[in-house]
Amino acid sequence: MDMQDSRGVQLPRRRFVQGLALGGVAAGLGLWRGSALAQAGVQRSELRGNHFELEIAELPVNFTGHRRVATAVNGQLPAPLLRWRQGETVTIRVRNRLAVTSAIHWHGIVLPADMDGVPGLSFGGIPPGGEYVYRFTVNQSGTYWYHSHAGFQEQTGLYGPIVIEPRDGERHAVQRDYTILLSDWTDTGPETIYANLRRQSGYYNHGKPTVGDFLHDVGRNGMSQALAQRQMWNRMRMDPTDLADVSAATYTYLLNGQTPAGNWTGLFDAGDKVRLRFINGASMTFFDVRIPGLKMTVVAADGQAIEPVSVDEFRIGNGETYDVIVEPAADRAWTIFAQSMDRSGFARATLAPRDGMTAAVPPLDPRPLLSMADMMGAMNNGDMGHGMSHDMTGMTMDMPGMPPMSMAQESHAPALKTGPEVDMRVATPRSNLNDPGVGLRDSGRRVLTYADLHAVDTPISPRVDREITLRLTGNMERYRWSFDGTLASEAGPLRLRYGEQVRIVLVNDTMMAHPIHLHGMWSELESPEGEFQARKHTVVVQPAQRVSFRVSADAQGRWAFHCHLLFHMAGMFREVVVA
Amino acid sequence: MNMPDMPGMSTSAPMDPRAGHDDPHADHGTASQPVAEDTRPPNDHVPPPPPQATMHAMTPAEMTESMEMNPSPPLGMLLFDRLERSRSTNGDYATSWEAEGWWGNGIDRLWLKTEGERDSEGTQDARVDVLWSHAWTRFWDWQLGVRQDVGQGPNRQWAALGVQGLAPYWFETQATFYVGEQGRTAARFEASYDLRFTQRLILSPKLELNVYGKDDPQRGISSGLSDVEAGLRMRYEFSRKFAPYIGINWTRRFGTQDDATAASLRARETSWLAGVRIWF
Ligand SMILES: [Cu+2]
């Protein structure tokens, strides 16, 4: 029997999902804190300057009542916040005190290829007992993060925030500025999780359709419709509850290294403008973030300033960052609530004028089901057959402003053949960027979408010399992920000519959202019409969606290009060579 | 690896003259001095200088290996699908098992499958298959190998060719064709389904058919449809890997009722059972 299984029985479920009130890193170190809140609100670990000394080592932790060993930097989980200045040159000496090779990658930072920290591409990794000195000039500003790119060390805690101060000062004056790093902790070894998924891909899905769900639908919609609703999914052997590969069945969601019970707290004074720099440093979890009662003004995406847009909620994919500004006017506490996309659990923090204050924690939203749009993309009514239920039709067709443009924008690439590596293909992918995604389409809240992202400046180059289409492929049942049906270990590199301007079109032939991250160069997101939207380093492609972005191949060397879901990355990965 | 003197990045990156001013206590967000226009691009983007050191050439497989990101490393699984004790309506007790283990990378796998029954008179009927399987379509694998029958009567050896996979509507299915000595042929078909009452309480119907090309009276086998077995097991998954169950099983054997060996096997049998499903 597995660790997390027995744990689920021994520990009250709630305690396990929410973690312990006390604990985490400090308890693991034996420095028992009088109160988790006593420490809250303090940016515990911030390093600034031009020279940094980082040491990677094991760290005993206790998030769930069980002592485990994490991978940490300078004894901290998350790793220390690094504060840099735009235009300066930083030197970072990283020592590896682990028994295995390690590596740190500076996520979203434009730097020389040998400073990028990807073993096998940038360098040979940092061997046990060894060190590597990273040195590069920081020419950008904003919110970024760093994490291990060796094995599964990111899952065991090796991640930390980076804030780069703009040389001309921040665009938006605020009184408080906090990084909010979201992550997923598990007491189970990541190798075991990966093996469990490969043996049984639904291992962590505890929201599968039941007889009760079916009877409920029969009662509500009648037998024929309840059957029709399931017919296509079951015939296709696809699961509409397949929202996340790994869930709170093993994950405890952390915010700045604190469990929900630990309740990280950020302080403000009445009238303060508070900047919250959200970073999704989770290995496998998409979060939907809101602060009930507060509007959030999104001012930056992936470190890059955007025209401010006011929302109630946003979804953040693995590797993405969003900066928001809030104005908690009243003298009360507010809950920062980040539920996992599959609604199995949440991370939580509090904004409060004084330590110890809390606000109500909202219940998890109901677990959503994938819609036909997530399987088929842009659909003609005629395509859908009589099997379509009203529910599903509604989900697709009532999507606000889902324009019919996708027909003209269809991928130029022919649909792939299915096979062991490809369990589905989307003939008519949708290219609407204004879809917030499964579970957020009808939340009644104003949810950020990619259509809302408008950079405050211009693209690096308006020219497009060449277009490359990649299909995001997988076989859920076999738990295999790939680009164009080919695993990274069997594919040659994607070659870009130095100075070339390339449009990369991603078509998602799976039912999962994939955050696709290109190292070394920006991914300049385009609208379906090909207009520049925003500069990003990580582009989420929703199920059955087509998304395009421009890349200026101005960074020589070998770069990684991959899905940022840790257990997809091994297969859904390409080397990009710029020469 | 020790790299005391890392390549300086001074090459082509324009250094901002304001860089390096020492103001560690600046209240970020409020400090904002007016700036004269400089030569920076409008979006502040500065291409990075080229790397000073590059990795030696590797195959894609070596590259993913050095990242410890082999997408398809070898893996194994051992599943005791059935490990149960049963009592027939005639009062006979028996112990039976059905287990399978595999080892491989997800596309090519080596399988070991075994199934059998023991009662007070010893092992009644058991088989072991050793098969190599290859993923062939998105849900189906080819299987090729050998089968050994043991238990009552003489042991039999077979060559096996089959398919295994997930049929539409989520039926786990296997169909195998066998060729044995003396022109013997056989076919086996098995299908099962998981019906979820809750996330942990699962009813699993299962059907197994055996067809033989010719009579084998010493093993109580008649040509044609030889036997049908239908089971219904309700398991409770304390975890994915540990699930006790209770259930009921029906067996119907056809032909050679007059044969002495076959008579010891009941033509119809219903039994109640309890067991456990575990995997590693
Ligand atoms: Cu992915």
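The values are calculated or read from the model by the stated rules, or taken from the named source; none is laboratory data. Quantities reported herein were computed from a predicted structural model and do not represent experimental measurements. Counting neighbours? That spans all protein chains shown, and the Cβs are built from the backbone with ideal geometry, glycine included. Each accessible area value is taken on the protein alone, full model and side chains, heavy atoms only, with ligands, DNA and RNA left out. Shrake-Rupley method; radii C 1.70, N 1.55, O 1.52, S 1.80 Å.
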Original post:
How do the strands (runs of 3 or more DSSP E) wholly within region A:455-545 filter down when requiring 3 or more residues that are within 14 Å of chain B (Cβ to nearest Cβ) and within 16 Å of the ligand (Cβ to nearest atom): which remain?
Top reply: A:466-475, A:480-483
Original post:
Do you know which residues across region A:342-375 are within 21 Å of the chain's Cα centre (by Cα), in a loop (DSSP other than H, G, I, E, B) and acidic (Asp, Glu)?
Top reply: A:342, A:365
Original post:
If a residue has to be of a type in the set (S, T, N, Q) and either open to solvent by less than 30 Å² (accessible area, probe 1.4 Å) or in contact with a strand residue (DSSP E or B) (Cβ under 8 Å, 6 or more places away or on another chain) (or both) to count, how many in region B:173-208 make the cut?
Top reply: 6
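For the condition within 11 Å of chain A (Cβ to nearest Cβ) and farther than 30 Å from residue A:487 by Cα, what is the one hit in B:171, B:197, B:177, B:189? Talk me through it step by step, then tell me what you get.
Working: B:171 fails: farther than 30 Å from residue A:487 by Cα; B:177 fails: within 11 Å of chain A (Cβ to nearest Cβ); B:189 fails: within 11 Å of chain A (Cβ to nearest Cβ).
When all the criteria are applied, what remains is B:197.
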**OP:** Could you grab me the full set of residues in region A:32-49 that are open to solvent by 70 Å² or more (accessible area, probe 1.4 Å) and modelled with pLDDT of 60 or more?
**Re:** A:44, A:48
**OP:** Would you be able to say whether some residue in region A:172-184 is surrounded by fewer than 22 Cβ atoms within 10 Å (Cβ to Cβ), closer than 25 Å to residue A:341 by Cβ and more than 13 Å from every other protein chain (Cβ to nearest Cβ)?
**Re:** no
Original post:
Taking region A:531-557, which residues are surrounded by fewer than 24 Cβ atoms within 10 Å (Cβ to Cβ) and either free of Cβ contacts under 8 Å to residues at least 24 places away in the same chain or among the charged types (D, E, K, R) (or both)?
Top reply: A:531, A:554
Original post:
Just for region A:546-558: of the residues that are outside any loop (DSSP other than H, G, I, E, B) and touching a Phe, Trp or Tyr at 6+ places or on another chain (Cβ under 8 Å), which one is nearest to the ligand (Cβ to nearest atom)?
Top reply: A:547
**OP:** Inspect all residues belonging to region A:559-573 and state whether any of them is open to solvent by 20 Å² or more (accessible area, probe 1.4 Å) and not in a strand (DSSP E or B).
**Re:** no
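Restricting attention to region A:123-142, which residues are of a type in the set (Gly, Ala, Ser) and outside any loop (DSSP other than H, G, I, E, B)?
A:142
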Original post:
From the residues in region A:424-456 that are among the small types (Gly, Ala, Ser) and in contact (Cβ under 8 Å) with a residue 60 or more places away in the chain, which one is nearest to residue A:300 (Cα to Cα)?
Top reply: A:455
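Of all the residues that make up region B:153-166, how many are more than 30 Å from residue A:476 (Cα to Cα) and either within 14 Å of chain A (Cβ to nearest Cβ) or buried (at least 20 other Cβ atoms within 10 Å of the Cβ) (or both)?
2
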Original post:
Among (1) within 9 Å of chain B (Cβ to nearest Cβ); (2) modelled with pLDDT of 95 or more; (3) more than 26 Å from residue B:41 (Cβ to Cβ), where does residue A:97 come up short?
Top reply: (1)
**OP:** Scan B:92, B:119, B:149 and give me the residue that is open to solvent by less than 30 Å² (accessible area, probe 1.4 Å) and not aliphatic (A, V, I, L, M).
**Re:** B:149
Original post:
Quick one: how many residues across region A:440-454 are open to solvent by 20 Å² or more (accessible area, probe 1.4 Å) and either within 14 Å of chain B (Cβ to nearest Cβ) or of a type outside the set (S, T, N, Q) (or both)?
Top reply: 9
Original post:
Can you tell me which residues in region A:424-439 are of a type outside the set (A, V, I, L, M, F, W, C) and open to solvent by less than 10 Å² (accessible area, probe 1.4 Å)?
Top reply: A:429, A:430, A:431, A:432, A:435, A:437
Original post:
Among the residues of region A:198-219, is there at least one that is within 9 Å of chain B (Cβ to nearest Cβ), open to solvent by 10 Å² or more (accessible area, probe 1.4 Å), closer than 30 Å to residue B:76 by Cα and assigned to a helix (DSSP H, G or I)?
Top reply: yes
Original post:
Within the set of pairs 6+ apart or on separate chains, which have a first residue in region A:115-136 that is in contact (Cβ under 8 Å) with a residue 12 or more places away in the chain and farther than 14 Å from residue A:153 by Cα, a second that is of a type in the set (Val, Ile, Thr) and crowded, with 24+ Cβ neighbours inside 10 Å, and C-beta atoms under 6 Å apart?
Top reply: A:132/A:126
Original post:
Do the conditions hold for residue A:179, that is, is it of a type in the set (Val, Ile, Thr) and in a loop (DSSP other than H, G, I, E, B)?
Top reply: no
Original post:
How many residues does region B:43-98 hold that are of a type in the set (S, T, N, Q) and more than 13 Å from chain A (Cβ to nearest Cβ)?
Top reply: 6
Subject >> strands (runs of 3 or more DSSP E) enclosed by region A:77-122 - at least 1 residues per element that are open to solvent by 10 Å² or more (accessible area, probe 1.4 Å) >> reply: A:81-85, A:89-96
